[in-house]
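Worksheet for the structure shown next.
Rule-based calculations on the coordinates, nothing more; no lab input. Every value quoted in this text rests on a predicted model; they were computed, and no experiment measured them. Please note: Cβ atoms are built from the backbone with ideal geometry, for glycine as well, and neighbour counts cover all protein chains shown.
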């Protein structure tokens with residue numbers, strides 16, 4: 001399912017950019033049937049002051065590791081938006097950042113659907 005690629009991309013980025021010995025945290029919750037909020041927090045040191053404005057643009061890479069194409073965050077944001085959700089980032093200067101994905105309840109149901117051609121659990 002395409003929607004699962006958004007949090008997967010965020011988690012892969014967090015692990016990729018967080019130095020060894022530092023942590024990556026994943027939190028999720030839903031309050032009273034409202035939107036589902038998924039947070040992925042890293043400890044890579046935070047974003048440059050101007051990076052927060054551009055990291056979701058195609059072919060932009062804010063980190064020192066240039067092994068990707070700089071498309072993942074933009075695609076993740078588009079996928080989340082296609083499911084009527086939002087994807088943003090809170091910078092924690094000197095520490096890291098928290099990517100915040102919010103999805104309405106119907107999108108959560110889509111996350112629980114088994115992938116095509118996969119046996120149901």
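Details
- Cβ-based exposure ranking for 42, 32, in which fewest neighbours within 10 Å come first: 32, 42
- Segment 15-61: C-alpha gyration tensor shape, a/c 1.5 cut-off, then a/b vs b/c: oblate
- Here the residues 8, 50, 18, ranked from fewest to most Cβ neighbours within 10 Å of their Cβ, fall in the order 50, 8, 18.
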